[in-house]
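Undergrad: I am attaching a structure below and will ask some questions about it afterwards.
The values are calculated or read from the model by the stated rules, or taken from the named source; none is laboratory data. None of the values given here were measured: they were computed from a predicted structure. Note that each Cβ is placed from the backbone with ideal geometry, even for glycine, and that neighbours are counted across all protein chains shown.
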Amino acid sequence: MLKTNSTGSLQCRLPIILAVAGLISLTFMFLWTSPQNFCLPQQLSFKPNSGGHHVVNNNSLDEAVVDKPILLLWVYPENYRFDLNICKTVYNIDGCHLTDNRSLYSNTDAVLLFHKAIRLHTLPPSPRPPFQKWIWMNVESPTNTWKTPGIENLFNLTLSYREDSDIPVRSRLTSRKIPDENFEIPKKEKLICWVVSNNADRTGVGTRNNYYKELSKHVYVHVYGKAYGTFLDYKDYFPTIASCKFYLSFENSIHKDYITEKFNGPLAVGTVPVVLGPPRKNYEKFVPGDSFIHVDDFPDAKSLAEYLQRLDKDDEAYRRYFNWRRHFSTRPHLILKNQEFVLAICTACDYVGRHKEYKVAHDIYKWYFN
């Protein structure tokens with residue numbers, strides 16, 4: 001009886017077992033042949049370039065990866081190479097992808113072209129992408145700028161020291177709401193100092209040289225720099241300026257807005273600049289009027305020398321030239337040779353990151369030299 005019942009029970013269950021097995025088989029076959037399988041999509045292969053963003057193997061940009069405008073440095077100014085991450089690390093500027101990789105040209109939002117390096121046969125390829133801007137970079141004064149015919153109408157944007165540039169470059173004061181009462185004037189060991197590296201007549205230095213020669217007849221000036229045979233090491237540059245009560249911030253040529261790092265250096269380290277350059281009102285666009293002394297405030301160099309000598313004996317009057325420090329601050333500029341153009345390049349990066357509107361610059365020479 002036991003054997004008969006087991007066989008009968010198995011016979012009763014067999015159709016159910018076969019039905020379940022068939023259902024499993026059909027389900028497996030459906031999943032295997034379905035176009036919507038469960039494999040992960042194949043990952044694209046990327047490689048980093050010198051600008052820090054990612055590109056597909058064929059050097060075209062992957063739009064899903066890049067979320068910032070790209071600024072292509074076509075050549076390094078004066079071939080001074082530097083770390084392309086410096087805009088972020090020094091100035092906290094991270095608005096664009098700065099790169100020197102020319103293979104990214106067709107995807108580049110803006111190309112930075114250094115004027116002194118421009119030759120018609122070395123320009124980027126044409127036609128340019130319609131969305132791309134070309135930036136004319138020139139931080140020299142008109143006296144020290146030579147024309148390259150044929151480029152007057154190639155650019156979208158101008159970058160220079162001029163305040164009416166599309167991208168003006170300058171070390172600026174930073175204001176503070178809470179007055180700083182802790183600033184201390186550095187210890188002074190010398191009355192007047194001057195660091196000068198350029199003495200070539202063609203660069204327009206005649207005016208400042210003549211004024212220095214006249215001033216030095218009435219007061220001693222400590223002169224440093226290769227132009228006068230006394231090289232000052234980079235590490236000694238700011239400490240030397242800080243050790244002087246006054247510093248000759250004499251520009252090599254005189255033009256509107258041409259106020260360079262020669263002015264920023266003494267302001268940053270606690271020394272009073274004595275300026276020779278554009279008129280006083282031009283300086284006062286950027287700094288308080290009681291933070292510097294202008295040579296134009298005196299009828300001649302002898303009168304200026306006498307005034308500086310009086311201030312040397314009047315601590316209270318001298319301190320007034322630092323009252324601006326309660327409400328404003330500034331920072332020393334970069335001084336290494338390969339860092340000379342970093343501020344300008346990083347300022348361009350910041351602009352490109354903030355401005356995407358169309359712009360064009362017509363006849364840059366007419367604008368720059370007039």
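Undergrad: Considering each of 319, 325 in turn, give the residue that is outside the structural domain of residue 86 (by TED's automatic domain parsing) and surrounded by 14 or more Cβ atoms within 10 Å (Cβ to Cβ).
TA: Details: 319 fails: surrounded by 14 or more Cβ atoms within 10 Å (Cβ to Cβ).
Just a single option satisfies the conditions, and that option is 325.
Undergrad: What about residue 237, is it over 14 Å from residue 171 (Cβ atoms), under 24 Å from the mean Cα position of the chain (by Cα) and in the same structural domain as residue 321 (by TED's automatic domain parsing)?
TA: Yes; evaluated as a whole, the condition is true for this residue.
Undergrad: Here are the criteria: (1) part of a loop (DSSP other than H, G, I, E, B); (2) within 28 Å of residue 251 (Cα to Cα). Tell me which single one residue 95 does not satisfy.
TA: (2)
Undergrad: OK, next. Only one residue in 91, 80 is in contact with a helix residue (DSSP H, G or I) (Cβ under 6 Å, 6 or more places away or on another chain), at pLDDT 50 or above and more than 28 Å from residue 154 (Cα to Cα), so which one is that?
TA: 91
Undergrad: Moving to a separate point now. Residues being in contact with a helix residue (DSSP H, G or I) (Cβ under 7 Å, 6 or more places away or on another chain) and charged (D, E, K, R): count how many of those fall in the stretch 150-180.
TA: Residues in the stretch 150-180 being in contact with a helix residue (DSSP H, G or I) (Cβ under 7 Å, 6 or more places away or on another chain) and charged (D, E, K, R): 2 in total.
Undergrad: Let me ask something additional. Of (1) buried (at least 17 other Cβ atoms within 10 Å of the Cβ); (2) over 16 Å from the mean Cα position of the chain (by Cα); (3) part of a loop (DSSP other than H, G, I, E, B), residue 134 satisfies all except one. Which?
TA: In the conditions (1) buried (at least 17 other Cβ atoms within 10 Å of the Cβ); (2) over 16 Å from the mean Cα position of the chain (by Cα); (3) part of a loop (DSSP other than H, G, I, E, B), residue 134 misses (3) alone.
Undergrad: Among the residues that make up the stretch 249-257, is at least one of them touching a helix residue (DSSP H, G or I) at 6+ places or on another chain (Cβ under 9 Å) and assigned to a helix (DSSP H, G or I)?
TA: Among the residues of the stretch 249-257, not one is touching a helix residue (DSSP H, G or I) at 6+ places or on another chain (Cβ under 9 Å) and assigned to a helix (DSSP H, G or I), which makes the answer no.
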